[in-house]
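Here's the structure, in structure tokens; my notes come after.
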Amino acid sequence: MCGIARKSSGLLVSWRSTALSEEKIVLQSAVGELGRLALELLRRGAAPRACEAAARKLNVGVDTVQHGVEGLTYLLTESSKLMISETDFQDSIHVLGFSDELNKLLLQLYLDNRKEIRSILGELTPKLPSYHNLEWRLDVQLASRSLRQQIKPAVTIKLHLNQHEDQTAQVLQTDPSTLLHLIQQLEQALGEMKTNHCRRIVRNMK
């Protein structure tokens, strides 16, 4: 009996080891396939046919693949934006309740691709015009045909901008009171940018 028990135990251990090995291979294949689709989604946008092919390959529903790709894309992009450390990444996915093996695969996927993802995100960021120079002029109208005595000031601003290695100019005109209000609003906005809340938002956007 003891011999049979030992043999049965040995067979069970061998079967469990084989099953775990096969499960690991399936898991690696699934993570690799979803990771590839997530990067393709960032590079070229949605690819329904690729998701259908992956669903057939993994023997799961198309919706399951699409949701997995969307979730993985979000995880990788948000982590890559902040360039979080290995420890922080592991802490972030630990709450999801995945197995240790899956957590390791996700961590390796993040480490292997975070630089490329940041590069892709940088290319997707819209390139806005930047300041180059400013010219201004103050005009005061003292009289007109209808009113002989009047004071009507106007500030004309010519804003020079750099955009796509070219220079453009925008001409704006306003009255001094509106300009003063605009200056006050900009100063208030600059003051808010120095608060911890705004700094945290800006840091997450980089």
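Could you tell me whether segment 81-201 comes out rounded, prolate or oblate from its Cα gyration tensor? Rule is a ≥ b ≥ c as square roots of the eigenvalues, rounded for a/c under 1.5, then prolate if a/b exceeds b/c, otherwise oblate.
prolate
Ordering Asp88, Asp139, Asp112 by accessible area with a probe of 1.4 Å, largest first, what comes out? Write out the running numbers ahead of the final one.
Details: Asp88 75, Asp139 55, Asp112 105 Å².
Descending order: Asp112, Asp88, Asp139.
Go through Glu165, Glu33 and list them by solvent-accessible area, largest first, probe radius 1.4 Å. Don't skip to the end; give the middle numbers.
Numbers: Glu165 190, Glu33 20 Å².
So the residues, ranked largest to smallest area, are Glu165, Glu33.
Summing +1 for each Lys or Arg and -1 for each Asp or Glu, what net charge is found among the other residues whose Cβ lies under 14 Å from the Cβ of Leu159? Please report the intermediate quantities before stating the final value.
Working: positive: Arg137, Lys158; negative: Glu135.
So the surrounding residues net to +1.
Excluding Phe89 itself, calculate the net charge of residues whose Cβ lies under 12 Å from the Cβ of Phe89, where each Lys or Arg counts +1 and each Asp or Glu counts -1. Walk me through the numbers before you get to the answer.
On the way: positive: Lys104, Arg114; negative: Glu78, Glu86, Asp88, Asp91.
Within the 12 Å Cβ shell, the charges total -2.
Which whole-Hz ³J(HN,Hα) couplings does segment 155-164 yield from phi under the Karplus relation 6.51 cos²θ - 1.76 cosθ + 1.60, θ = phi - 60°, glycine and proline marked x?
In residue order, the calculated couplings are 9, 9, 10, 10, 9, 8, 10, 9, 8, 6 Hz.
How large is the accessible surface of Thr73 in square angstrom, using a 1.4 angstrom probe and rounding to the nearest 10?
Spelled out: Thr73, probe radius 1.4 Å, area about 20 Å².
Under 1.5 on a/c is rounded, so check that first for segment 34-97, then, if it is not, pick prolate when a/b is larger than b/c and oblate when it is not; a ≥ b ≥ c are the square roots of the alpha carbon gyration tensor eigenvalues. Write out the running numbers ahead of the final one.
Working: a/c = 3.24, a/b = 1.70, b/c = 1.90.
Judged from the Cα gyration tensor, segment 34-97 comes out oblate (a/c at least 1.5, b/c at or above a/b).
Pairs to check: Lys57/Lys81; Lys115/Lys194; Lys57/Lys104; Lys81/Lys104. Give those whose C-alpha atoms are more than 25 Å from each other in this structure.
Details: Lys57/Lys81 31 Å; Lys115/Lys194 29 Å; Lys57/Lys104 23 Å; Lys81/Lys104 20 Å.
Violating the 25 Å Cα-Cα cut-off are Lys57/Lys81; Lys115/Lys194.
For segment 30-38, in order, what is each residue's ³J(HN,Hα) by Karplus, 6.51 cos²θ - 1.76 cosθ + 1.60 with θ = phi - 60°, in whole Hz (x at glycine and Pro)?
After applying 6.51 cos²θ - 1.76 cosθ + 1.60, I find 5, 5, x, 5, 5, x, 5, 5, 5 Hz.
How much accessible area does Arg36 have with a 1.4 Å probe, in Å² rounded to the nearest 10?
Its heavy atoms expose roughly 110 Å² to the probe.
Just to make sure I understand: if all protein chains stay in place, what is the order of Arg137, Arg43, Arg49 by accessible area at 1.4 Å, largest first? Working shown, then result.
Working: Arg137 125, Arg43 100, Arg49 205 Å².
Result of the area sort, largest leading: Arg49, Arg137, Arg43.
Once phi is turned into ³J(HN,Hα) by the Karplus curve 6.51 cos²θ - 1.76 cosθ + 1.60 with θ = phi - 60°, what whole-Hz value does each residue of segment 117-122 show in order, with x for glycine and proline?
5, 4, 5, 5, 5, x
The values are calculated or read from the model by the stated rules, or taken from the named source; none is laboratory data. Computed from a predicted model, the values in this text were never measured in an experiment. Every residue, glycine as well, gets a Cβ built from its backbone with ideal geometry; the counts of neighbours run over all protein chains shown. In case anyone asks, the SASA skips ligands and DNA or RNA and just uses the protein heavy atoms, side chains included. Shrake-Rupley method; radii C 1.70, N 1.55, O 1.52, S 1.80 Å.
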